Amino acid sequence: MSYERKRFDIVRKMMMDCELSDKKILDLGSGEPSVTDGMKANKMVKIDSNPNTNPDVVHDLTKKLPFGDDEFDMVVACEIMEHLVDTGFFLKEIKRVLKPLGCLIISIPNICSLKYRFAFLLGKIPAHACKVNGEHVRDFNKDDLIGELERNGFVVPDVKTDGIWLGKGARLFLSVGLGDSIIVKATNIKKRR
């Protein structure tokens, strides 16, 4: 099992728990492969800034999303928020296009994973940590992500981890706060201000 495969499996299970057949889903930063590949939904829209990933819409996720208010039943954003400086704007835009009581599924690298803690103890900056000239501009742990979601009008009923990747398909499962990635299912509980 690859590094991202377990995370994909958890995200897909969270999506299926929301009964997809009649849903309109937005996959932000879909990439290739996308976690939504092969998922059955009423309508699936993939958006990415890279045209080489073959998204339905090419768009810069730091800008206003090119969709109407309350247009989607579900939004999926895997491994995106750590690339964005203004995560508050990003979540406000998700809230705008997501229907009230709509489902948001987010995954992020966990800066407090057990593996990263060992790297820091050895004086190393972990591979997926925010660093000078790196792709990641924000670091999150479980509490940071939940807090950011709650400040932006979401409630978080489900938090999971994909465990700690040990290589060659091996994983170690500990508490959510120690896993490599944090995967959250949140609900849009409030109307936009």
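Pick out the one residue from 11, 58 that is of a type in the set (Val, Ile, Thr) and open to solvent by 70 Å² or more (accessible area, probe 1.4 Å). Of 11, 58, the one residue that is of a type in the set (Val, Ile, Thr) and open to solvent by 70 Å² or more (accessible area, probe 1.4 Å) is 58.
Can you name the residue in the range 62-75 that is out of contact with any Cys (no Cβ under 9 Å at 6 or more places or on another chain) and open to solvent by less than 20 Å² (accessible area, probe 1.4 Å) and is also nearest to residue 135 (Cα to Cα) among such residues?
Step one: filter the range 62-75 for residues out of contact with any Cys (no Cβ under 9 Å at 6 or more places or on another chain), giving 62-72.
Checking which are open to solvent by less than 20 Å² (accessible area, probe 1.4 Å) leaves us with 65, 72.
Numbers: 65: 22, 72: 28 Å.
Per the criteria, the residue is 65.
Scanning the range 1-44 for residues that are assigned to a strand (DSSP E or B) and free of Cβ contacts under 8 Å to residues at least 24 places away in the same chain turns up 43, 44.
Inspect the range 94-115 for any residue being in contact with a strand residue (DSSP E or B) (Cβ under 8 Å, 6 or more places away or on another chain), β-branched (Val, Ile, Thr) and over 22 Å from residue 23 (Cβ atoms) and give the result as yes or no. Checked against the condition, which is being in contact with a strand residue (DSSP E or B) (Cβ under 8 Å, 6 or more places away or on another chain), β-branched (Val, Ile, Thr) and over 22 Å from residue 23 (Cβ atoms), the range 94-115 yields at least one hit. Only one entry of 179, 147, 134, 163 meets the criterion of being of a type outside the set (A, V, I, L, M, F, W, C) and at pLDDT 90 or above, and that entry is 147. Please pick out the residue among 147, 123, 163 that is small (Gly, Ala, Ser), on the phi > 0 side of the Ramachandran plot and open to solvent by less than 30 Å² (accessible area, probe 1.4 Å). After ruling out the rest, the residue left standing is 163. Annotation for the range 80-94: at least one member residue is open to solvent by 10 Å² or more (accessible area, probe 1.4 Å), in contact with a helix residue (DSSP H, G or I) (Cβ under 7 Å, 6 or more places away or on another chain), part of a loop (DSSP other than H, G, I, E, B) and of a type in the set (A, V, I, L, M).
Taken as a whole, the condition of being touching a Cys at 6+ places or on another chain (Cβ under 8 Å), in contact (Cβ under 8 Å) with a residue 60 or more places away in the chain and among the β-branched types (Val, Ile, Thr) applies to residue 106.
The values are calculated or read from the model by the stated rules, or taken from the named source; none is laboratory data. The structure presented is a predicted model; accordingly, all values stated were derived computationally and were not measured. Every residue, glycine among them, receives a Cβ derived from its backbone with ideal geometry; neighbour counts consider all protein chains shown. Just so you know, the surface numbers come from the protein's heavy atoms only, side chains and all, with ligands and any DNA or RNA stripped out. Shrake-Rupley method; radii C 1.70, N 1.55, O 1.52, S 1.80 Å.
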